[in-house]
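Colleague: To start, I am sharing the structure in question, which I have written as structure tokens.
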Amino acid sequence: MTRRRTALALALGTTLGLAIAGANPSAAADPVRIGDINSYTRMAAFTEPYRMGMELALAEINEAGGAGGRMLELVSRDDAGEPGEAVKIAEEMITRDRVALLSGGFFSNVGLALASLAEQRGVLYLAGEPLADSLVWEDGNRHTFRLRPSTWMQAAMLAREAAASGARRWATIAPNYAYGKDAVAAFKAVLSELQPEVEFVAEQWPALFKIDAGAEVQALAAARPDAIYNVTFGTDMAKFAREGEDRGLFEDRLVLGLLGGEPEYIEPLGEDAPIDWLVTGYPWSKIDTAAHAAFRDAYIEKFDDHPRAGSLVGYNVIKAIGALLEKTGGDTATDGMIEAMEDLTFETPVGPVTFRAIDHQSTMGAYVGYTALEEGRPTMRDWYYADGADYLPDDEAVRARRPAE
Amino acid sequence: MGLFVVQFLTGLSGAASLFLVASGLTLIFGVTRIVNFAHGSFYMLGAYLALSLIEALPVPRGTWGGAPFWAAMAAAALGVGLIGVLVETIVLKPIYKAPELFQLLATFGVILVVQDAALWTWGAEDRLGPRAPGLRGSIEVMGQRMPVYDLLLIAVCPVVLAGLLLLFRTTRWGILVRAATADRQMVAALGVDQRWLFTSVFFLGSCLAGLGGALQLPKGGADLAMDFGIVADMFVVTVIGGMGSIVGAFLAALLIGELRAFGVLFFPESTLILTFLIMAVVLVLRPQGLLGRAEPADAPGHDAEPVRPADRTWRIAVSVLLAALLALPMIADPFVLVLAIDVLVMALFAASLHAIMGPGGMVSFGHAAFFGGGAYAAALAVVHLGAPMTAALPAGVVGAALLAAVIGFFCVRLRGVYFAMLTLAFAQIAWSIVFQWTEVTGGDDGLLGIWPAAWAADRTRYYYLTLALVTAGIAFLRFAVFTPFGRGLRAGRDSPVRAEAIGIDVARRQWAAFVLAGAVAGLAGGLYVFAKGSVFPDEMAIPRSFDGLMMVLLGGVNTLSGPWVGAGVFTSLQDWLSRMPFWRLTLGCSIIALVILFPQGIAGFVRQRAHRHRDRGS
């Protein structure tokens, strides 16, 4: 209830002026406007935590007197999950709201459309959630940066663990669209390099959010794999997990779940959550480093709800922008911001993160571990933080995939 | 062997939800002739209501522990039935007399309202359904495991079918329903109170959708994407079975369920395309579905008054509008131009759809194929051939025209809803080709960096280019209506038999109109790509087709100005409302209000008022 009311209060204003007047006399300069575009209606369960994370970071920065001597102000809009709509909104933000930079995007296609527009209009775009590898590689451009660990990085995290498991016969199941295809391709590439003798004995491609779970499970079982690499998510994953359980697919098999440990994915499953799957995710209740505990406590205090993976990304997006403005001294000229953003290192609840100059990808990582149920609540066990910097291809491979500037 | 048997049983259980939802839809269509797009929303509401009831009802100890679960299922179905009645009474009843298919627009409004109402009530997080008490776990079938609940689902289909058939054979109400499905006018002439009959059919149809949603809970859950998730499937099943035929829906659900189960086994990547491929094949071979009746060849009912050239007042109004559009860059800020380009492109798209819907009488549910087709043809010319914009825009027109020639060839032989559904099927097939042919089209990551040539890169210049081409396109379509070609097309719409008799090849003319409309939609698509800089398969998908339908219907399908008036109102309304929280609720309510206030569409209403005024004055 609180969350909904917060969302309403936030949205009602569209423009969030959280600047506290007079908190710091040096912040007399105009606030820096950030244009946030996200799929707040289409993917509310994922984007609301993101919005709350942003709000927390924004309040922290402004209460401390702003960044680079300037307050931050957020202009937030819903793209309804449509790239064309997102481009229109971005045009409005650039021309009418005079935002200093763009941020956000949930779906990869929205992120890619915004990246293309940012390059054309000469505006900096910091992509938060979009996962597509091509956003910083094949379709990468000078004006676009990305925070979240990409599909490749998360797949590589699982592939390294998979290589150590000794499983030979692998089956994959992934939603039939770019994210699923990328996730399987990256996993195969990294795993085959580490373990040349692995075999891929089955590939299933259910339509996104339309999985025929029973039929898919049966088809996977027929291939008799040692291990299964699962990229489905949301309702697809819930159905897949339940059918797999009922039909005994997971017995004596290693199962991997890309992003499967993120609270957004696993918590709705409650007691039905699959256990002992090797996943990437975010065990928010168990990370007790000082930086993370402070973030978690402040978040719970502010929203009466716990953080999710999206909260962390939203929070870090605003913190990154804060660090960027500190570095430029509050100057928002695009070229200067791009230069400052390259190799920018800033502190986050999960540790220091750097935006690489070579491809504008951040080194934010993810947590790798096994799913577990504790007191009826899904969480992760035996997890560790996988630093994103360790899971990117070498520079030569990156240069081969990214167009030269 | 065991694998095939179990896969077969899995297919049967997958058919259960499809059949329940589709049987309700086909029932409603058969009696009321309403194509109820909101039927998927009833399915979603069934799931959510059942879930809430299961959580709310206390669980007694002992053998009756499962009772609340099943009671909740039944109550949810009845509850959704009541919601159906509410929707029928408030939204549809006032517009039964409106032109055919106009009710579509109202059901779009209902979808939007239910979307936000559900978000408000149940929150954004996906809900996992509880397992059915007493039916957990699985049994062994020929060495393979089969969940017990699937067996229940397998049994549900024939039981519901038998119940419905019994109802129709033995009760007076059932006989009336069958009579109304066969001949609505005759039933009315015999003195049956149609209003009551329609409402009760809506109740039963919605109940079935709600039951379908509730019964799938133990296999999945409730989430906000369920309504759109089922909408295409339920229409496919209904249409393959034959609109109005319950037994047909049953057969079609089994067919789709089985082909999907085995499709997954043998062609894992076929999941996107399979359903629509089946529908296309069935409709090409049997234009009225498996068990449907052919629509009467000379269907009476297109009661449109003939279109007339614009009168003086209207010409002055349009001239003033054009002058204002020409002056726009001087008086408005840059974003208004961005928005104006969007509106203009959509106006052209809507006008092209109207060209086949209005004068042609062919309602297409798949017109986005040509908008997106043109967009992709233009974008591919730029990306793969390095074509300049001046060559890419014509490439978009030609590409869309070719696509329309192929699709139109198969479609124009069909009538009414079957025509609409075949266009939808082909549009989806085109969409999935673009979506999956990653090497060429970029898949759903799209094609990027397609910006106007240097001379038109400036926003004002691109605006003028768009304005010029859109105005020319709309003027051309308008002109075509008054040519002998256009008159023949209208004759074919109003009376195909008589048109044939005086020597008009109706099918060929409709095909030509289809290609023409496709080409113009392709121009709109091309302009759209260069305005946005990128293109994604979304531009060919069902929502884009529905946008077009909404604009045409909102403006008024029986007026020539309707499409661009509708595009202007719809696009501006959406842009304005989407700044607010729960904007879909507001947009949905606005659409419903407009539908009830202006059953002839906005432009139709204005024309009617103007004529009335003139008649009174003379």
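Derivation of every value follows stated rules applied to the coordinates shown; laboratory data play no part. Predicted, not measured: the structure shown is a model, and the values here were computed from it. Cβ placement follows ideal geometry from the backbone for every residue including glycine, while neighbour counts extend to all protein chains displayed.
Colleague: Given the options A:ASP359, A:ASP297, A:ASP276, state which has the largest fluctuation in a GNM of chain A using a 10 Å cut-off (strictly under) for Cα springs.
Modeller: A:ASP297
Colleague: Magnitude of the Cβ-charge dipole of region B:334-541, K/R +1 and D/E -1, about the Cα centre, nearest 20 debye?
Modeller: Approximately 800 debye in magnitude.
Colleague: Along the charge dipole of chain B, which of B:GLY442, B:ALA392, B:VAL114 sits closest to the positive end, that is, farthest toward it, with unit charges on the beta carbon of Lys, Arg, Asp and Glu (+1, +1, -1, -1)?
Modeller: Of the listed residues, the answer is B:VAL114.
Colleague: Sticking with this one: With +1 on each Lys and Arg Cβ and -1 on each Asp and Glu Cβ, and nothing else charged, work out how big the dipole of chain A is about its Cα centre, in Debye to the nearest 20.
Modeller: It comes to approximately 540 debye.
Colleague: Efficiency by 1/(1 + (r/R0)^6): what FRET value for B:PHE267 and B:LEU190, r their Cβ-Cβ distance, R0 = 35 Å, to the nearest 0.05?
Modeller: Once rounded, the FRET efficiency stands at 0.10.
Colleague: Neighbouring Cβ atoms within 10 Å as the yardstick, rank B:GLU269, B:GLU439, A:GLU193 fewest first.
Modeller: Listing B:GLU269, B:GLU439, A:GLU193 from fewest to most nearby Cβ atoms yields B:GLU439, A:GLU193, B:GLU269.
Colleague: Additional query: Work out the length of the dipole vector of the protein assembly as shown about its Cα centre, built from +1 on the beta-carbon of each Lys and Arg and -1 on the beta-carbon of each Asp and Glu, and round it to the nearest 20 debye.
Modeller: 4620
Colleague: Another question about this same structure. Using packing as a proxy for protection, rank B:54-66, B:512-524 so that the peptide with the highest average count of other Cβ atoms within 10 Å comes first.
Modeller: The most tightly packed comes first, giving B:512-524, B:54-66.
Colleague: Using alpha-carbon pairs under 8 Å, 6+ residues apart, how would you state the relative contact order of chain B in percent?
Modeller: 20
Colleague: At q = 0.17 Å⁻¹, what is the log10 ratio I(q)/I(0) for region B:84-228, with the Debye formula run over Cα points and no solvent?
Modeller: -1.13
Colleague: Taking region A:247-309, which trypsin sites (Lys or Arg not before Pro) meet the DSSP loop condition and have no more than 15 other C-beta atoms within 10 Å?
Modeller: Counting only loop positions with at most 15 other Cβ atoms within 10 Å, the trypsin sites (Lys or Arg not before Pro) in region A:247-309 are A:LYS286.
Colleague: Got a sec to turn the phi values of region B:331-337 into Karplus ³J(HN,Hα) couplings, 6.51 cos²θ - 1.76 cosθ + 1.60 with θ = phi - 60°, whole Hz, x for Gly and Pro?
Modeller: Each residue of region B:331-337 in turn: 10, 10, 7, x, 5, 4, 5 Hz.
Colleague: Here's something else I'd like to know. Taking 20 °C and 1.002 mPa s as the conditions, I'd like the Stokes-Einstein D for chain B in µm²/s, using the Kirkwood hydrodynamic radius from alpha carbon pairs.
Modeller: Answer, rounded: 84 µm²/s.
Colleague: Related question: Measure nothing but the geometry: give the 0 to 90° angle between the long axis through the Cα atoms of B:484-494 and the longest principal axis through the Cα atoms of chain B, rounded to 10°.
Modeller: The two axes meet at around 20 degrees.
Colleague: Also, I was wondering about something else. Which order do the peptides B:398-405, B:283-290, B:474-481 come out in when sorted by mean C-beta neighbours inside 10 angstrom, highest first?
Modeller: Highest mean packing first, the order is B:398-405, B:283-290, B:474-481.
Colleague: Also, quick follow-up: In nanometres, what is the gap between the two model label sites at B:ASP458 and B:LEU57, each 7 Å from Cα along Cα-to-Cβ?
Modeller: That separation, rounded to one decimal, is 7.0 nm.
Colleague: Taking the Cβ of each residue in A:ILE275, A:ILE89, B:ILE602 as the centre, tally the other Cβ atoms inside 10 Å and list the residues starting with the fewest.
Modeller: A:ILE275, B:ILE602, A:ILE89
Colleague: Let me ask you something else. For peptide B:125-138, what's the mean number of Cβ atoms from other chains within 10 Å of each residue's Cβ?
Modeller: Whole-number average of other-chain Cβ neighbours for B:125-138 is 4.
Colleague: Moving on to the next point. What number do you get for region B:334-541 when its Cα radius of gyration is normalised by 2.2 N^0.38 Å, N = residues?
Modeller: For region B:334-541, the normalised Cα radius of gyration is 1.03.
Colleague: Relative to the longest principal axis of the C-alpha atoms of chain B, give the angle of the C-alpha long axis of helix B:389-411, reported between 0 and 90° and rounded to the nearest 10°.
Modeller: Its long axis makes an angle of about 50 degrees.
Colleague: From the cross-link list A:LYS181/A:LYS239; A:LYS181/B:LYS219; A:LYS181/B:LYS532; A:LYS88/A:LYS319; A:LYS188/A:LYS327, which pairs have alpha carbons spaced over 29 Å apart?
Modeller: A:LYS188/A:LYS327
Colleague: Oh, and also: Return a whole-number percent for the relative contact order of region B:334-541, with Cα pairs under 8 Å and 6 or more residues apart as the contact set.
Modeller: Value for region B:334-541: 44 percent.
Colleague: Could you give the length gained by full extension between A:GLU63 and A:ALA294, i.e. 0.36 nm per residue of separation minus their alpha carbon distance, to one decimal place?
Modeller: Full-extension gain reported as 81.6 nm.
Colleague: If you take the charge dipole of region A:147-250 about its Cα centre, with +1 on Lys and Arg Cβ and -1 on Asp and Glu Cβ, which of A:GLY166, A:TRP205, A:PRO149 is farthest toward its positive end?
Modeller: Value computed over the given set: A:PRO149.
Colleague: Averaged over peptide B:10-16, how many Cβ atoms belonging to another chain are found within 10 Å of each residue's Cβ?
Modeller: Taking all residues of B:10-16 together, the mean is 3.
Colleague: Using just the helices of chain A, give the 222 nm mean residue ellipticity in deg cm²/dmol: DSSP H runs with n ≥ 4 each add -39,500 (n - 2.57), and the total is spread over all residues, rounded to 500.
Modeller: Helices in chain A give a 222 nm mean residue ellipticity of -13000 deg cm²/dmol.
Colleague: Under a plain spin-label model, where a point goes 7 Å from the Cα along Cα-to-Cβ, how far apart in nm are B:ALA332 and B:ARG614?
Modeller: It is 2.9 nm.
Colleague: Give the average over all directions of the projected area of the C-alpha convex hull of chain A, one decimal, in nm².
Modeller: Averaged projected hull area, Cα only: 18.7 nm².
Colleague: Counting only Cα, what are the radius of gyration and maximum Cα-Cα distance Dmax of the protein assembly as shown, in Å?
Modeller: Here Rg and the maximum Cα pair distance are 28.6, 92 Å.
Colleague: If you take the beta carbon distance between B:LYS97 and B:ALA182 as r and set R0 to 25 Å, what does 1/(1 + (r/R0)^6) give as a FRET efficiency, to the nearest 0.05?
Modeller: 0.70
Colleague: Only bridges whose two residues both fall in the protein assembly as shown count here: according to DSSP, what percent of them are antiparallel, nearest 5?
Modeller: The answer is about 45 percent antiparallel.
Colleague: Here's a follow-up. Could you work out, residue by residue across B:442-455, how many beta carbons of other chains sit within 10 Å of that residue's beta carbon, and then give the average as an integer?
Modeller: 6
Colleague: In degrees, nearest 10, range 0 to 90: what is the angle between the Cα axis of helix B:2-32 and the longest Cα principal axis of chain B?
Modeller: The angle comes out at about 60 degrees.
Colleague: Between B:ASP311 and A:ALA223, how many nm apart are label points set 7 Å from Cα along the C-beta direction?
Modeller: 6.9
Colleague: Can you work out D for region B:263-373 in µm² s⁻¹ from Stokes-Einstein, where Rh is the Kirkwood radius over C-alpha pairs, the temperature is 20 °C and the viscosity is 1.002 mPa s?
Modeller: Here the translational diffusion coefficient equals 112 µm²/s.
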